[in-house]
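Presented below is the structure to which this report refers.
The values are calculated or read from the model by the stated rules, or taken from the named source; none is laboratory data. Since we're looking at a predicted model, the values are computed, not measured. We place every Cβ from the backbone using ideal geometry, glycine too, and count neighbours over all the protein chains shown. When the accessible area is computed, the model is the full protein with side chains, heavy atoms only, and any ligands, DNA or RNA have been set aside. Shrake-Rupley method; radii C 1.70, N 1.55, O 1.52, S 1.80 Å.
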Amino acid sequence: MDLTKIFQTSNPIIGVVHLLPLPTSSRWGSNLQTVIARAEREATALASGGVHGIMVENFFDAPFTKDRVDPAVVSAMSLIIDRLKNLVTLPIGVNVLRNDAQSALAIASCTDSAFIRVNVLTGVMATDQGLIEGKAHELLRYRRELGTDVKILADVLVKHAHPLGHQPLAATIKDTIERGLADAIILSGPTTGTPPDIEELKLASQLAPETPVFIGSGASWHNISNLLPHADGIIVASTLKRHGQIEQPIDPNRVSQFVEAAQRSLTPN
């Protein structure tokens, strides 16, 4: 995966647009225009703040289905992403929670988006949605059938989940890349808003020198100087929100502050 080709930088910062509840979700508010308007404001805030890419996900649809979402969710996300692509010029990615990678790939393909995030690409994880099984074979075959080159960013031991049995991190990384054929891997902390372990980031970078490693949670302007030297890119959400609170909208000033901190961490002293 050539990060510079996609993001115009070798160390991309991907800001996340958390969509308000979508049709058929438990907290759906029956007004898609409200969802679209907030998504447009947040995408604009991210772009003006200097991020290199945007990921759109149905974060507020919790509690999530563990695999296939309702077709209304796919339709709504496709519509919203199409609107955002007419608003900003940044590469856009898709994450359909909890683990509907095929729908994410379909949305990305039809909206000419650049990448998707897959929480469980290989193995089996115990989650609050039940057991989630990776379906790398189905996803890669589907990508071939669609004739698309949408990149797959796959979590390694995704947050809010635990593997069945014990498998060393090194083996999981290798399986995700060599057997799941992920284009990039993501390391996170155990929960939303908590950073990955630095030693685990170092290990991932050592084991996957040809595969980009992304920080998937917990990055802030306070810790980014310690984290980013051991990764290739960042996916960031919580710290960009007003007061750093996940349910709040994105704060453009916090976006700029984070981007500046990240850029400083990459500048030699």
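Quick grid of which residues meet (1) open to solvent by 30 Å² or more (accessible area, probe 1.4 Å); (2) in a strand (DSSP E or B); (3) among the hydroxyl-bearing types (S, T, Y); (4) within 26 Å of L201 (Cα to Cα):
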{"site": "I132", "(1), (2), (3), (4)": "no, yes, no, yes"}
{"site": "E138", "(1), (2), (3), (4)": "yes, no, no, no"}
{"site": "R141", "(1), (2), (3), (4)": "yes, no, no, no"}
{"site": "L153", "(1), (2), (3), (4)": "no, yes, no, yes"}
{"site": "L157", "(1), (2), (3), (4)": "yes, no, no, yes"}
{"site": "H162", "(1), (2), (3), (4)": "yes, yes, no, yes"}
{"site": "Q167", "(1), (2), (3), (4)": "yes, no, no, yes"}
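Residues that are touching an Asp or Glu at 6+ places or on another chain (Cβ under 9 Å) and either within 20 Å of G50 (Cα to Cα) or assigned to a strand (DSSP E or B) (or both) within segment 12-21 comprise P12, G15, V16, V17, H18, listed in sequence order.
The listed residues are I186, I173, and the only one of them that is open to solvent by less than 30 Å² (accessible area, probe 1.4 Å), in a helix (DSSP H, G or I) and touching a strand residue (DSSP E or B) at 6+ places or on another chain (Cβ under 7 Å) turns out to be I173. A single member of T44, T4, T89, T34 is farther than 20 Å from I250 by Cα, modelled with pLDDT of 95 or more and either β-branched (V, I, T) or under 15 Å from the mean Cα position of the chain (by Cα) (or both), and it is T4. In the set (1) farther than 30 Å from D82 by Cβ; (2) among the polar types (S, T, N, Q); (3) open to solvent by less than 70 Å² (accessible area, probe 1.4 Å); (4) not in a helix (DSSP H, G or I), S113 fails one condition alone, (1).
Just one of the numbered conditions (1) touching a residue at least 12 places away in the same chain (Cβ under 8 Å); (2) surrounded by fewer than 22 Cβ atoms within 10 Å (Cβ to Cβ) is not true of T4; which one? Single failed check for T4: (1). Note on segment 189-210: residues that are among the small types (G, A, S) and open to solvent by 60 Å² or more (accessible area, probe 1.4 Å) amount to 0. Within the option set T9, T34, T65, T24, being surrounded by fewer than 19 Cβ atoms within 10 Å (Cβ to Cβ), in a helix (DSSP H, G or I) and touching a residue at least 12 places away in the same chain (Cβ under 8 Å) holds for one residue only, T34.
Among the conditions (1) on the phi < 0 side of the Ramachandran plot; (2) hydrophobic (A, V, I, L, M, F, W, C); (3) surrounded by 14 or more Cβ atoms within 10 Å (Cβ to Cβ), the only one that L181 does not satisfy is (1). So, T211, is that one touching a residue at least 12 places away in the same chain (Cβ under 8 Å), under 17 Å from the mean Cα position of the chain (by Cα), over 30 Å from V35 (Cβ atoms) and not in a loop (DSSP other than H, G, I, E, B) or not? Against the criterion (touching a residue at least 12 places away in the same chain (Cβ under 8 Å), under 17 Å from the mean Cα position of the chain (by Cα), over 30 Å from V35 (Cβ atoms) and not in a loop (DSSP other than H, G, I, E, B)), T211 does not qualify.
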